[in-house]
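For reference, the structure discussed in these notes is given below.
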Amino acid sequence: MARYAMKFGGTSVGSPEAIAQVTAIVKDFLAEGHELAVVVSAMAGVTDLLLESAAAAAARDRATFLAINDAVRQKHDRVIEGLIESQQDRLLIDAEVEELLRSHLELCEAVVILGEVTPRISDALVSFGERLSSRVIAAVMRAQALPVRQLDSDAYIVTDNQFGDADPIWNETEARIVGQLQPQLDSDFTPIITGFIGATPDGTMTTLGRGGSDFSAAIFAAYLDCDELIIWTDVDGVMTTDPRLDERARVLPYVSYQEIGELAFYGAKVLHPKTVQPIINRGIPLRVRNTFNPNHQGTLVGARTQASATVIKAVTGIRDVSMLTVSGRGMLGVPGIAGRTFLASANAGANILMISQSSSEQSFCFTVVDPLAQAVKAAVETELQREIQHNNVDSVDVLSDIVIITVVGSGMRGTPGVAGRVFSLLGESRINVLAIAQGSSECSISFIVAEQDLEKAVGELHSLALETVENDRINGLGSPY
Ligand code: ADP
Ligand code: ASP
Ligand code: MG
């Protein structure tokens, strides 16, 4: 018998058929005598719809948010009608859904009066996605006689007040999970918990950032002292690249915590970048598996570095970013310019994705998401006003229509010539590289190319990854099985 935390993503709970599949998986694990804590996302598309409803309410567009409220109702109604037979059970869950949808409309009406959506209200509005899905899924499972209990995670995950991207307050979260959730698990109930949602110490609802249910599940896995965390999604595991970018993408049998951290940070949507944070020090293994292909072993993520001849395991790409370059001959020897630039960027709300400096110290560049580029440029120019006036800094330039491409693999450490191989390959394909940075962990190299080169660059580098992954397979390396 083992204790698992498992999370089912949006597509995995996106239709009656999918939820039937989720129920079957949970049933199998329980039949084998395991203990489970189940975390669920909103049904596919619902979080986006709820964000649209917030924007519509701020624009006083009542017709749109009423239509969204109805569309969300229909999605959940289809599940109830399709999967719950007893009339009495249906009436009970219908009433719960109806109450939440009414609260959603009330909140939209409040936004109409205010004429704006604050991040705090936006979080309250999107929270309905997980609050609805978890209740409907629990009702479906209960109808199949599974001993489940729906729980809202804002009672357990205590966060700061960074609405939209909140961070847990670890010791308080641990105290709540160990003190209040653990005993319920011991009493033979399987909790069906909302992903994505937390609350500040005074109880105001927050969310952990888009895709944050993975992170929620990892937090529960850590503090419930689970033997394994399983992320159930809509692909067979972590792949050599995004299958939507290159259809040759293959499942990696094993990746390390560090590798998955780099992959997720640099755009592999399959896991939220913070997912490994709570489990890494506890050494809790993580498995990424396909809800729709449960016989596949998926990808195991753990601490060990598997024997492998693979240097480059995977390739990722991030679109919708801009590169800012700060340059000037007079920068040489003026200390602190980079530090002040990054501080000004952070104060403008930007998360810096990649930094690169030329050895001449006459320029450096960094990358932020598109929507913030102009605000960051203005903030940096204000900060460096004096240097610009004295011509020590010439300009702060913004380059858009670029992408960050990252190659990941812990075998790079100690393997000379990887960067050389990567860049000569790109050179041969006539792809111009605008900036380069190596991750501090030495298990990734990132670089910037024009957006139009994305597919070609990923394709070329992915071929390199596939070649070594295939060699590993032939030689029986790189797999934990
Ligand atoms: P969920 O709703 O289950 O959280 P997501 O849509 O957030 O699922 O993440 C799964 C998707 O991530 C896959 O369908 C795939 O298109 C995308 N993806 C991007 N990069 C990778 C990768 N390297 N390996 C696997 N999937 C990836
Ligand atoms: N429902 C949230 C989102 O779409 C969280 C998640 O699915 O992980 O971002
Ligand atoms: Mg996700």
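The values are calculated or read from the model by the stated rules, or taken from the named source; none is laboratory data. Predicted model only: the values in this text are computed from it and were never measured. Reconstructed Cβ throughout: ideal geometry from the backbone, glycine too, with neighbour counts over all protein chains shown. For the accessible areas, the whole protein counts, side chains as well, though only heavy atoms, and no ligand, DNA or RNA atoms are used. Shrake-Rupley method; radii C 1.70, N 1.55, O 1.52, S 1.80 Å.
Here are the numbers:
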read-out	value
Farthest toward positive dipole pole in the stretch 150-283 [+1 Lys/Arg, -1 Asp/Glu at C-beta], among Val255, Ala218, Gly195	Val255
Calculated P(r) of the stretch 72-178 - Cα pairs past 20 Å, %	52 percent
Antiparallel content of DSSP bridges confined to the chain, in %, to 5	60 percent
Calculated SAXS-style log₁₀ I(q)/I(0) at q = 0.05, 0.07, 0.08, 0.10 Å⁻¹ - the chain, Debye, Cα scatterers	-0.21, -0.41, -0.54, -0.83
With Cα atoms, 0 to 90° folded angle of helix 418-428 axis to the chain main axis	80 degrees
Projected-area average for the stretch 395-453 over all orientations - Cα convex hull basis, square nanometres	4.8 nm²
Highest to lowest packing among 385-392, 261-268, 48-55, scored as the average C-beta count within 10 Å	261-268, 48-55, 385-392
Efficiency of FRET between Ala95 and Ala378 - r from beta-carbon atoms, R0 51 angstrom, step 0.05	0.50
Over the chain, relative contact order from alpha-carbon pairs under 8 Å, at least 6 apart, %	14 percent
5 angstrom amide H check on Ser395, placed H, neighbours 5+ away	Ser327
Cα point-scatterer Debye curve for the stretch 1-103, base-10 log of I(q)/I(0) at q = 0.15, 0.17, 0.23 Å⁻¹	-0.74, -0.89, -1.24
Normalised contact order of the stretch 271-350, rounded percent, pairs of Cα under 8 Å and 6 or more residues apart	16 percent
Note, ³J(HN,Hα) from phi for the stretch 208-221, Karplus 6.51, -1.76, 1.60, rounded to Hz, x at Gly and Pro	8, x, 4, x, x, 5, 4, 5, 3, 5, 5, 5, 5, 4
Nitroxide proxy distance, nm - points 7 Å out along Cα→Cβ at Asp160 and Val334	3.1 nm
C-alpha long axis of helix 119-143 to longest principal axis of the chain, angle in °	50 degrees
Orientation-averaged projected area, Cα convex hull of the stretch 345-440 (nm²)	7.8 nm²
Added length on full extension, which subtracts the Cα-Cα distance from 0.36 nm per residue, Ala450 to Gln182	91.5 nm
Using a Förster distance of 25 Å, the FRET efficiency for Asn475-Val433 (Cβ separation, nearest 0.05)	0.20
Backbone HN-Hα couplings from phi across the stretch 255-263 [Karplus 6.51/-1.76/1.60, Hz, Gly and Pro as x]	9, 7, 3, 5, 5, 5, x, 5, 4
17 Å Cα-Cα reach of Lys7 towards lysines, excluding residues that sit fewer than 8 places from it in its own chain	Lys27, Lys269, Lys274
In nm, spacing of pseudo-spin labels at Leu105 and Thr204 (7 Å Cα→C-beta vector)	2.8 nm
Relative contact order [Cα under 8 Å, 6+ residues apart], the stretch 13-133, whole percent	38 percent
All-pairs alpha carbon distance profile, the stretch 200-280, 5 Å steps from 0, percent	3, 14, 22, 25, 18, 9, 5, 3, 1, 0
Approximate spin-label separation Glu32-Ser441, in nm, with each point projected 7 Å along Cα-to-Cβ	2.8 nm
Where the chain is the region considered: accessible area per residue in Å², 1.4 Å probe	43 Å²
Carbon and sulfur %, accessible surface of the chain computed with the full protein complex present, 1.4 Å	48 percent
Percent breakdown of C-alpha pair distances by 5 Å bin, ordered from the shortest bin, for the stretch 316-375	4, 17, 30, 22, 16, 9, 2, 0
5 angstrom amide H check on Thr159, placed H, neighbours 5+ away	Ile169, Ala199, Thr200
Cα-based equivalent ellipsoid of the stretch 247-345: semi-axis lengths in Å, sorted from largest, via gyration tensor	37, 16, 14
